[in-house]
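Reading through the structure tokens given below for one structure.
Every read-out reported here was derived from the displayed coordinates using simple, explicitly stated rules and does not represent laboratory data. Here the structure is a predicted model, which means the values were calculated and not measured. In this analysis, Cβ positions are derived from the backbone assuming ideal geometry, glycine residues included, and neighbour counts consider all displayed protein chains.
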Amino acid sequence: MHLVIEMPPKVAISKVVQGIKVQSSKDLRRRYGYMDRIYKEVGIWEVGYFVSTVGLNEKQIRQYVQKQGEESKGVDVTTEYS
């Protein structure tokens, strides 16, 4: 999952990520009951996360996020951001 999030600097990134993971897990389990059987005692999401705050401008980041999933269609998205 790739997200573009704008938040105030006083907010802890770890708390935002934790909130997204907790709420989305609850929503997925509620919507798809079989997930409780598959992920009974483990989390749906991986333990870690990656955050980048510098390097690309917002337009480039949004383009990158929108292109996710196209890799499996045979599109080379790396050439568009070099």
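Select from the stretch 13-41 the residues that are part of a loop (DSSP other than H, G, I, E, B) and either surrounded by 10 or more Cβ atoms within 10 Å (Cβ to Cβ) or in contact with a helix residue (DSSP H, G or I) (Cβ under 6 Å, 6 or more places away or on another chain) (or both) and list them in ascending order.
Going through the stretch 13-41, the residues part of a loop (DSSP other than H, G, I, E, B) turn out to be 32-33, 39-41.
Hits for the stretch 13-41 are TYR32, TYR39.
Please go through (1) out of contact with any Phe, Trp or Tyr (no Cβ under 9 Å at 6 or more places or on another chain); (2) touching a residue at least 24 places away in the same chain (Cβ under 8 Å) for VAL17 and return the number of the only condition it doesn't satisfy.
Every condition holds for VAL17 apart from (1).
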